[in-house]
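Each value in this text was obtained by applying a stated rule to the coordinates, not by laboratory testing. Since the model is a prediction, treat every value here as computed from it, not as a measurement. With ideal geometry, Cβ positions are generated from the backbone for all residues, glycine too; neighbour counts draw on all protein chains shown.
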Amino acid sequence: MREGGSFFFLSRPVPSYFPLVFNMLKRVMKMKKGVIPFLVFPAISLLVGSLSALLTGENMMIYQTVAKPSLAPPAVLFPIVWTALYLLMGVGAALVYNARGEFRTIGLWLFAAQLAVNFFWSILFFNLRAFLFAFVWLILLWVLAAAMSVAFFKTRRVAGLLQLPYLLWLTFAAYLNFSVYILNA
């Protein structure tokens, strides 16, 4: 200790360091608050997709047996694409969650709504084999995902742009779904 009761490594009296430490802690807390949504929202998206796949189970084998259009991709591609899309959805939601704006709340509600509708599509298509109803359900999903994308875009542009692959895939999925309905009616 030096004279005056302060430690040798402190060049100023102890109380003057409190604002510095407090500001550093505030920055760390803001960073944690900002990082956590980037873990939570993608995890929620992946969990919903995984649970839907789990409930669909072996009924996905129907894809091998139904008549499909010529542009139908191999079944092995679907889990890869959906994993990437769920991650993009989650990152977009995290960006919106951390942002401010009048469309933030509606964007997050639309995120939840489209995720719920998304959850049931594979059950309708694979488990129930309700191809036409699954197609109509997919149109509802597309509308919700488009609305979510617009709300995300108005809140954080990059969040909205991250949803474009999802909308493109849903469009392609609608083509596949309707084609399976027509070819197997």
Just how many % of Cα pairs in segment 53-185 lie over 23 Å apart, if you round to the nearest whole percent? 34
Length-normalised contact order for segment 37-183 - Cα pairs under 8 Å, 6+ apart - percent: 32
Efficiency of FRET from Cβ geometry, V35 and I139, R₀ 35 Å, rounded to 0.05: 0.45
Sorting E102, E58 on the 10 Å Cβ count, fewest up front, what's the list? E58, E102
